[in-house]
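Working notes, beginning with the structure itself.
The values are calculated or read from the model by the stated rules, or taken from the named source; none is laboratory data. Note that the coordinates shown come from a computational prediction; the quantities given were computed from them, not determined experimentally. Reconstructed Cβ throughout: ideal geometry from the backbone, glycine too, with neighbour counts over all protein chains shown. With ligands, DNA and RNA removed, areas are computed over all heavy atoms of the protein, side chains included. Shrake-Rupley method; radii C 1.70, N 1.55, O 1.52, S 1.80 Å.
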Amino acid sequence: MSTTIPTPTQHRRNGGDLVVESLAALGAGTVFGLPGQHALGVFDALRRSTLRYVGLRVENNAGFAADAYARTTHGVAPLLVSTGPGALMTLAALQEAAAGSAAVLAIGSQVPLAGMGGGRHGYLHELTDQSASFRGVVKSVHTARTASQIPSAVAAAWESALSAPHGPVWLEIPQDVLLAEADVPPVSELAVRPKELLPRPELIAAAATRLTEARRPVILAGGGVVRAGAEAELLALAEQLRAPVATTFGGKGAFPWEHPLSLQSWLEDRYTTTFLEDADTLLVVGSGLGELSSNYHTFRPLGRVVQIEADLGKLESNHAALGIHADARAALAALVEEVGEREPRDGGRAEDAGAPGPRAGAVGPPTPEAAVSDLLVRVRDRIAGQHLDLEQQVLASVRDALPDGAVSCWDMTILAYWAWSAFDPRRTNALHSAQGAGGLGYGFPAALGAAVADPARPVLAVSGDGGAMYSIAELATARQYDLPVTWLIVDDGGYGILREYMTDAFGAATATELTRPDFVALAESFGVPAVRTSPERLRTDLAAALAAPGPSVVVLPARLRMFAPTHQGS
């Protein structure tokens, strides 16, 4: 049984109007979502609002689009869905938003108020406790049980999403509350004060002492730097200290790729791991030193670690450190000021960088810049010895075809794993991937969200054929909104990385081979131009697609390989 939807009459403001009025009052301009019966009150209210609605074909994809929109804008992305199946379909996307610190405000409907509380009343979409499904995924869970509670509940959820560290939140509102007449004035203003995480002064002083007294300071910058918009502060501190900087996969773009102090992002490389280990003081900013950032937990620091992290659960979760619970931008700004007030250490960093390292017999090059250059040469030589010319050619073609100001969104596919290590995004906050939670299907819907955020720039999505099938329906979304997204599908006939993993581990692969469609014909059936390319034509075909207006698809039949891992047997 379900609540009857009223017949059309002269409209009286209801709970749905309060939702959209509250979002508009908080500064929202765009919402993502997919309607459902219990949520029709809020979707009908969109018709009377100034909010732009972008509707996707699957709730999980709507969540991925909202995730990339939030990352691109450094703001809140509202996501509207319905009860039960619709709500639960967002969980994988919200897990990625949580891992990537994307401020997604997911608003879902609920069964009528009388059906809440755990009883089994038989309402459509009924769950015993819908909000319980979200508590282990999002930052906070909110409920509005009356119309008058809606503005405050939306504001509280918005404030939570934007408080450091940013992250997704869940708000649910019963169907009858969304439809009930609202006997309150229209919402014209809502004030929120996202919590700032400022560093404690004594910790900044201690960190500055360790960094300025270090002979081999090194910085590892994670996604927290990008989410906080702390790139300028990171650059200033690195140059003050003459400290080499590596960026995690989530932190790509946090530091200029070609800077003389840039170690780039070769974190799945033993040479880089050793370089980080040999630092006498390693500053980790906006990273928990998790599995990928630690080369699969083989990282063993020999010196002292200073960690700046806004997520308290990640602070010293993997390695003992001088832990500073703070927003990356605030902490780095404080360090820049503190370090700048101190006298340079006697002798200067250039001479001391050549002192023997902590490993027996190790003698470093004469300057930090030379140490960085030497490391990158060794990494490239290692890759060059593995005869992976095709993979490097394909990645170089993508980089050459993509305009410098463009955003790229990458699915979980072999070419993306190469990009994590080897791709220069050429600007900050320009490369987004699903490496936080690691679910398939992120690339294309995320690219749609990024395109909505900035429709003047072309956006590239990269998927394998397996991941592409997760979001193929969104070709209709791309065409409907005429979004400037070019989708590169690398078609190798299966789950390529799982094929490699299983073959390496067991000698054969199982359940990895896929029957797939003719992606060119399928795209064209949606009215989306498509072309089948080759490694030799990829640069030209991809550049042409990116330069054309609206959506497009480029299909590359190719079986790519990963470079050899360096963590096994460590």
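Pick from region 250-283 the residues that are charged (D, E, K, R) and in contact with a His (Cβ under 9 Å, 6 or more places away or on another chain): which of them is farthest from residue 427 (Cα to Cα)?
270
With modelled with pLDDT of 95 or more, aliphatic (A, V, I, L, M) and either under 21 Å from residue 303 (Cβ atoms) or not in a helix (DSSP H, G or I) (or both) as the only criterion, which of 377, 372, 398 stands out?
Residue meeting the stated conditions: 372.
Residue by residue through region 18-28, note down the ones that are open to solvent by 10 Å² or more (accessible area, probe 1.4 Å) and touching a Gly at 6+ places or on another chain (Cβ under 9 Å).
Of everything in region 18-28, those that are open to solvent by 10 Å² or more (accessible area, probe 1.4 Å) and touching a Gly at 6+ places or on another chain (Cβ under 9 Å) turn out to be 27, 28.
Within region 397-421, take every residue that is more than 23 Å from residue 466 (Cα to Cα) and of a type in the set (A, V, I, L, M, F, W, C) and give me the one that is nearest to the chain's Cα centre (by Cα).
Top of the filtered list is 406.
Filter region 317-343 down to the residues that are in a loop (DSSP other than H, G, I, E, B), open to solvent by 60 Å² or more (accessible area, probe 1.4 Å) and touching a residue at least 40 places away in the same chain (Cβ under 8 Å) and list them by number.
Across region 317-343, the qualifying residue is only 342.
Yes/no matrix, rows are residues, columns are (1) more than 20 Å from the chain's Cα centre (by Cα); (2) more than 19 Å from residue 562 (Cβ to Cβ); (3) among the polar types (S, T, N, Q):
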| site | (1), (2), (3) |
| --- | --- |
| 467 | no, no, no |
| 474 | no, yes, no |
| 478 | yes, yes, no |
| 493 | yes, no, no |
| 499 | yes, no, no |
| 508 | yes, no, no |
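Which residues, counting only those in region 188-236, are in contact with a helix residue (DSSP H, G or I) (Cβ under 7 Å, 6 or more places away or on another chain), farther than 25 Å from residue 161 by Cβ and surrounded by 22 or more Cβ atoms within 10 Å (Cβ to Cβ)?
204, 207, 208, 211, 217, 218, 219, 220
Considering only residues that are open to solvent by less than 10 Å² (accessible area, probe 1.4 Å) and touching a Lys or Arg at 6+ places or on another chain (Cβ under 8 Å), look in region 275-286 and name the one that is nearest to residue 329 (Cα to Cα).
My answer is 282.
Quick test for you: out of 168, 185, pick the one residue that is open to solvent by 10 Å² or more (accessible area, probe 1.4 Å), more than 17 Å from residue 41 (Cα to Cα) and not hydroxyl-bearing (Ser, Thr, Tyr). Spell out how you get there, then give the answer.
Values: 168 fails: open to solvent by 10 Å² or more (accessible area, probe 1.4 Å).
None of the other options fit; the residue is 185.
Identify, by number, the condition in (1) more than 18 Å from the chain's Cα centre (by Cα); (2) surrounded by fewer than 22 Cβ atoms within 10 Å (Cβ to Cβ) that residue 428 doesn't meet.
Every listed condition holds for residue 428 apart from (1).
When you check residue 125 against the structure, is it at pLDDT below 95, within 16 Å of residue 59 (Cα to Cα), open to solvent by 50 Å² or more (accessible area, probe 1.4 Å) and of a type outside the set (Val, Ile, Thr), yes or no?
When the stated conditions are applied, residue 125 passes them.
Just the residues that are open to solvent by 10 Å² or more (accessible area, probe 1.4 Å), within 22 Å of the chain's Cα centre (by Cα) and not polar (S, T, N, Q), please, taken from region 290-315.
If the condition is that a residue be open to solvent by 10 Å² or more (accessible area, probe 1.4 Å), within 22 Å of the chain's Cα centre (by Cα) and not polar (S, T, N, Q), then 290, 291, 292, 296, 297, 309, 310, 311, 312, 313, 314, 315 are the ones that fit.
The rows are residues; the columns are (1) of a type outside the set (Gly, Ala, Ser); (2) touching a residue at least 40 places away in the same chain (Cβ under 8 Å); (3) on the phi < 0 side of the Ramachandran plot.
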| residue | (1), (2), (3) |
| --- | --- |
| 77 | no, yes, yes |
| 81 | yes, yes, yes |
| 90 | yes, no, yes |
| 95 | yes, yes, yes |
| 98 | no, yes, yes |
| 102 | no, yes, yes |
| 108 | no, yes, yes |
| 111 | yes, yes, yes |
| 130 | yes, yes, yes |
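Report, by residue number, each residue of region 290-316 that is closer than 23 Å to residue 216 by Cα, part of a loop (DSSP other than H, G, I, E, B) and of a type in the set (Asp, Glu).
316
Looking at this structure, is residue 316 touching a strand residue (DSSP E or B) at 6+ places or on another chain (Cβ under 9 Å), at pLDDT below 95, closer than 30 Å to residue 140 by Cα and not small (Gly, Ala, Ser)? Quick ask: steps written out before the conclusion?
Values: touching a strand residue (DSSP E or B) at 6+ places or on another chain (Cβ under 9 Å): yes; at pLDDT below 95: yes; closer than 30 Å to residue 140 by Cα: yes; not small (Gly, Ala, Ser): yes.
The answer is yes for residue 316.
Hey, could you check region 43-91 for residues that are β-branched (Val, Ile, Thr) and open to solvent by less than 10 Å² (accessible area, probe 1.4 Å) and say which is nearest to residue 482 (Cα to Cα)?
Looking at residues that are β-branched (Val, Ile, Thr) and open to solvent by less than 10 Å² (accessible area, probe 1.4 Å), I get 54.
Scan region 380-396 residue by residue and report those that are within 19 Å of residue 433 (Cβ to Cβ) and surrounded by 18 or more Cβ atoms within 10 Å (Cβ to Cβ).
391, 394, 395, listed by residue number.
Please go through region 227-239 and pick out each residue that is in a helix (DSSP H, G or I) and hydrophobic (A, V, I, L, M, F, W, C). Lay out the reasoning, then the answer.
Filtering region 227-239 down to residues in a helix (DSSP H, G or I) leaves 227-228, 231-239.
Within region 227-239, 228, 232, 234, 235, 236, 237, 238 qualify.
For (1) of a type in the set (Gly, Ala, Ser); (2) under 23 Å from residue 439 (Cα atoms); (3) open to solvent by 60 Å² or more (accessible area, probe 1.4 Å); (4) touching a Phe, Trp or Tyr at 6+ places or on another chain (Cβ under 9 Å), each residue gets a yes or a no:
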| residue | (1), (2), (3), (4) |
| --- | --- |
| 478 | yes, yes, no, yes |
| 490 | no, yes, no, no |
| 530 | yes, no, no, yes |
| 533 | no, no, no, no |
| 538 | no, no, no, no |
| 546 | no, no, no, no |
| 552 | yes, no, no, yes |
| 560 | no, yes, no, yes |
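Collect the residues in region 439-451 that are surrounded by fewer than 24 Cβ atoms within 10 Å (Cβ to Cβ) and either in contact (Cβ under 8 Å) with a residue 60 or more places away in the chain or among the charged types (D, E, K, R) (or both), keeping them in residue-number order.
The one that is surrounded by fewer than 24 Cβ atoms within 10 Å (Cβ to Cβ) and either in contact (Cβ under 8 Å) with a residue 60 or more places away in the chain or among the charged types (D, E, K, R) (or both): 439.
Filter region 138-159 for residues that are closer than 23 Å to residue 224 by Cβ, out of contact with any Pro (no Cβ under 8 Å at 6 or more places or on another chain) and surrounded by 21 or more Cβ atoms within 10 Å (Cβ to Cβ) and give the result.
157, 158
Being open to solvent by less than 50 Å² (accessible area, probe 1.4 Å), free of Cβ contacts under 8 Å to residues at least 40 places away in the same chain, farther than 17 Å from residue 141 by Cβ and outside any loop (DSSP other than H, G, I, E, B) is the requirement here; does residue 31 meet it? Step through it out loud before you land on a result.
Numbers: open to solvent by less than 50 Å² (accessible area, probe 1.4 Å): yes; free of Cβ contacts under 8 Å to residues at least 40 places away in the same chain: no; farther than 17 Å from residue 141 by Cβ: yes; outside any loop (DSSP other than H, G, I, E, B): yes.
It is false that residue 31 is open to solvent by less than 50 Å² (accessible area, probe 1.4 Å), free of Cβ contacts under 8 Å to residues at least 40 places away in the same chain, farther than 17 Å from residue 141 by Cβ and outside any loop (DSSP other than H, G, I, E, B).
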